[in-house]
Amino acid sequence: MRRLLSRLFLAVPLGLLSAAVHGACSPDSGVTQSSSSTTGGEDDGGLLDPPPDTGILDPDAACALVTEEAISVPLNLYILLDKSSSMAGDKWQSAKVGLTAFLNDARFEGIRVALRFFPRAADNVPACDQFAYKEPAVDYGPLPGNTSALLQALDAETPNGFNTPIYPALGGALLKGIEVAQNNPGEASAVLLVTDGQPAGPQGTCGGVNPEDPTVIANLARTGAQHDPPVLTYVIGLPGADQTFSNQVASAGGTSTAVLVSASNVAAEFQAALTRVTGDALPCEYELPTDVKQGNVAITSVNVLLTLGADEPSVLPQDAACDGAGWRYDIPGDPSHIELCPATCASLKQQDAAKIQILLGCTTIVQ
């Protein structure tokens, strides 16, 4: 699984939460432990029976057995890139520069990226067929291992085509995203639409709807966002993109607004937009530590530590209702993941730097 060793950036908000492994036992704790294992008492049946809560928790707390690295839930990202004729010239070259920089950025190690271009070449398959766009040109693979194949595909492609069939292209990408989400429980799935225009084509109707109608396309994104598990749709609008349409699709896809790139410095702005979108797409969910899964540590003896910048770590309270700052288990009583509450997640993605750690062995601080 991917271990995020990255930072949150304020200028280009990025939801990458780094973490580190530390031994966590004070000299007088009376507990023998290592950084990779937790041992309960002889008569506790393998579950930790923590001492009374002191109200002060940190990696050196006397009750702590270990502070464990927080492992983020993997992200599967399907990039759908417009290669219509209007992309020719500086926009295409700038998109290549921005994508190349993004794919080579060590901060995104572990993200699983797939790539597809549109429009596709004319053939005997109906232009409306979403399944014709389902399979990516480059299949999902983690960065940096998949970077070479992605860059080769990008280098081999050139802008061509006189329409922008966003309806079938986005529909196909969402179908693939849903398939990946269903086949990989507990992982996040998202589609990133990159375009410089507004929908144009196919001609006529597709399944009784107008494929050029922004509302029809937004409804595709909404279907993905409302699916269980959800597949969110992000939109990056390059120079020439219709702002109203881009925002409509992003909002329906569960990502609020599109990220629009100006004509002043397309390459740099596009790279920044990719960074922002990818960071936002990363979920604020973490795998349950192995010792908790195995029953060596009770779920009532888990705490989440948050460190902002050079500050000392502080404890995020558990809040099952998530009506404020804090965290919760995905399934109360039988969890598989730790989830940061929406307010905490949104706040972290606006910070310069943050670190998440999981402290095992101390009574859970509850909101």
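Quick one: is Val315 β-branched (Val, Ile, Thr) and under 18 Å from the mean Cα position of the chain (by Cα)? When the stated conditions are applied, Val315 does not pass them.
For the condition in contact (Cβ under 8 Å) with a residue 12 or more places away in the chain and under 21 Å from Ala250 (Cβ atoms), Ala273 qualifies.
Checking each residue in segment 293-315 for being in contact with a Pro (Cβ under 6 Å, 6 or more places away or on another chain) and crowded, with 20+ Cβ neighbours inside 10 Å picks out Ser301, Leu305. Would you pick out the residues in segment 124-138 that are under 21 Å from the mean Cα position of the chain (by Cα) and either surrounded by fewer than 16 Cβ atoms within 10 Å (Cβ to Cβ) or over 16 Å from Tyr78 (Cβ atoms) (or both)? Scanning segment 124-138 gives a single hit, Glu135. In the set (1) modelled with pLDDT of 95 or more; (2) out of contact with any strand residue (DSSP E or B) (no Cβ under 9 Å at 6 or more places or on another chain), the condition left unmet by Thr147 is number (2). Collect the residues in segment 123-135 that are closer than 18 Å to Asn160 by Cα, part of a loop (DSSP other than H, G, I, E, B) and at pLDDT 95 or above, keeping them in residue-number order. The answer is Ala127, and nothing else.
Residues considered: Arg120, Arg116. Of these, the only one that is in contact with a helix residue (DSSP H, G or I) (Cβ under 7 Å, 6 or more places away or on another chain), part of a strand (DSSP E or B) and under 20 Å from Val235 (Cα atoms) is Arg116.
Just one residue in the set Val297, Val304, Val194, Val292 is in the same structural domain as Phe117 (by TED's automatic domain parsing) and among the hydrophobic types (A, V, I, L, M, F, W, C); that residue is Val194. Can you find a residue in segment 317-327 that is in contact (Cβ under 8 Å) with a residue 40 or more places away in the chain and in a strand (DSSP E or B)? The answer is yes, given that some residue of segment 317-327 is in contact (Cβ under 8 Å) with a residue 40 or more places away in the chain and in a strand (DSSP E or B).
Please work out if Ala169 is buried (at least 22 other Cβ atoms within 10 Å of the Cβ) and either modelled with pLDDT of 95 or more or assigned to a strand (DSSP E or B) (or both). In short, yes. Within segment 196-236, restricting attention to residues that are polar (S, T, N, Q) and not in a helix (DSSP H, G or I), the residue that is surrounded by the most Cβ atoms within 10 Å (Cβ to Cβ) is Thr233. Counting only residues that are farther than 18 Å from Trp92 by Cβ and assigned to a helix (DSSP H, G or I), segment 243-271 holds 10 of them.
The values are calculated or read from the model by the stated rules, or taken from the named source; none is laboratory data. Quantities reported herein were computed from a predicted structural model and do not represent experimental measurements. All Cβ positions, glycine included, derive from the backbone under ideal geometry; neighbour counts span all protein chains shown.
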